[in-house]
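The values are calculated or read from the model by the stated rules, or taken from the named source; none is laboratory data. Note that this is a predicted model, so its numbers are computed, not measured. Glycine also receives a Cβ, built like all others from the backbone with ideal geometry; neighbour counts cover every protein chain displayed. Side chains included, ligands, DNA and RNA excluded: accessible areas come from the protein's heavy atoms. Shrake-Rupley method; radii C 1.70, N 1.55, O 1.52, S 1.80 Å.
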Amino acid sequence: ACQSLRNGECGLAIASGISLLLSPEMSIAYSRSGMLAPDGRCKTFDAGANGYVRSEGGGVVVLKRLSQAIADNNTILAVVRGTAINHDGASNGLTAPNGLAQEAVIRKALSDANVAPDAISYVEAHGTGTSLGDPVELQALESVYAHGRNKDNPLVLGSVKTNIGHAEAAAGIAGLIKVVLSIQHGYIPSHLHFKKLNPLISLEKMNGMIPTEGLEWARPGGNGKYMAGVSSFGFSGTNAHVIVEEAPIVSRNQRTECDKERPLHILTLSAKDSPALQTLAERYDAHLEANKDADLADICYTANTGRSHFAHRLAFIGESPSKIQEGIKTFL
């Protein structure tokens, strides 16, 4: 999706990961193969890691070129600085990860982002919670992210799989969404089910730490930008790494403050036919009734710029949600 945007093939991209467990066959096969944690807990990086936990879910992100998002006054949650994908090639089997390929994809993502390894202060690991996969992944992270890192610049490591399990085809998007939320809140959630570090793992060279409690995210150098890496490694041998950066402080606050200075706001609604327009007006009436303190500027902005405009149209003008609602009720 990012490549298509950069190449000018599209102006907006919707990227998603969806995983639903609709039949028991694969769970039975994985269980017989000893791939699943018997206790239903994903113990990533822990000495007791004994398999992964299947889960389901879905996540969607909307992507634009940063310059276009700023020009369109969009709310920007984070910036994708760089991306990379590669493949393990020949390996020892489906369950055997390739550490050299993982190293290569991380280096490629950092190069694409034009970011030094020590600028990254958090990595959302793939972290399946297996005795084989976790050490291979941590060794790859160490080989790349230890470069240039000093004792005053720790690398925090975590995996959302300890919270929600392994969502398989939706695991990567779950990790990305966790990182975006962590950037927004300046807070890294606790890494669960971690008691003792896997003896095959070392954190010393990369000055790594695993947060067993929620952690305030320290800015690099005291005032630097939050930047994180997100890893996701596919069962088929595909590896992906994404560099995510804190969004610049632009657009929404400036737009909202400007809108709030206006004495009147206009709410535009449209639909493909009259009954649909009637239904839409009823929904807005119910929404305003249930959210009397809602920001009218935000509601109007979303309705006016974030919706398609069809042939059957309405417009309401007012200085407050209650005045707009009066207009809607009159129409109804």
Within the accessible area of the range 1-158 (1.4 Å probe), percent carbon and sulfur: 52
Within the accessible area of the range 172-293, what % is carbon and sulfur when the probe is 1.4 Å and the other protein chains stay in place? 54
Kirkwood Rh (inverse of mean 1/r, distinct Cα pairs), the range 209-332, angstrom: 18.5
I need the peptides 242-249, 70-77 ranked by packing, meaning the mean over residues of other C-beta atoms within 10 angstrom, with the highest value on top. 242-249, 70-77
Under a point spin-label approximation (7 Å from Cα along Cα-to-Cβ), what is the Ala71-Thr238 distance to one decimal in nm? 3.1
The chain: calculated mean residue ellipticity at 222 nm from DSSP helix runs of at least 4, using -39500 (n - 2.57): -10000 deg cm²/dmol
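Quick check of the Kirkwood formula: for the range 111-259, what is the inverse mean of 1/r over all pairs of different Cα atoms, in Å? Mind showing how you got there, number by number?
Numbers: mean 1/r = 0.0620 Å⁻¹.
Mean inverse Cα-Cα distance, inverted, gives 16.1 Å.
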If you wrap a convex hull around the alpha carbons of the range 133-177, what volume per residue comes out, as a whole number of Å³? 105
Using a 1.4 angstrom probe, figure out how much accessible area the range 105-258 has per residue, in square angstrom, rounded to the nearest whole. 43
Zone residues, the range 203-243, relative to Ser91, backbone N less than 18 Å from point 7 Å out along Cα-to-Cβ: 230-242
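Can you give the Kirkwood hydrodynamic radius for the range 1-104, in Å, rounded to one decimal and based on Cα pairs?
Details: mean 1/r = 0.0566 Å⁻¹.
That comes to 17.7 Å for the range 1-104.
Give the peptides 119-128, 94-103 in descending order of average Cβ contacts within 10 Å, highest first. Please list the in-between numbers first.
Numbers: 119-128: 25.4, 94-103: 17.1.
Top of the packing list down: 119-128, 94-103.
What percent does the relative contact order of the range 1-152 come to when contacts are Cα pairs within less than 8 Å and at least six residues apart? Mind showing how you got there, number by number?
Values: 178 pairs, mean separation 37.0, N = 152.
The normalised contact order for the range 1-152 reaches 24 percent.
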Ranked highest first by average number of other Cβ atoms within 10 Å, how do 106-115, 11-20 line up? 106-115, 11-20
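Do me a favour and compute the ellipsoid semi-axes for the chain from its Cα gyration tensor, root of five times each eigenvalue, largest one first, whole Å.
43, 24, 19
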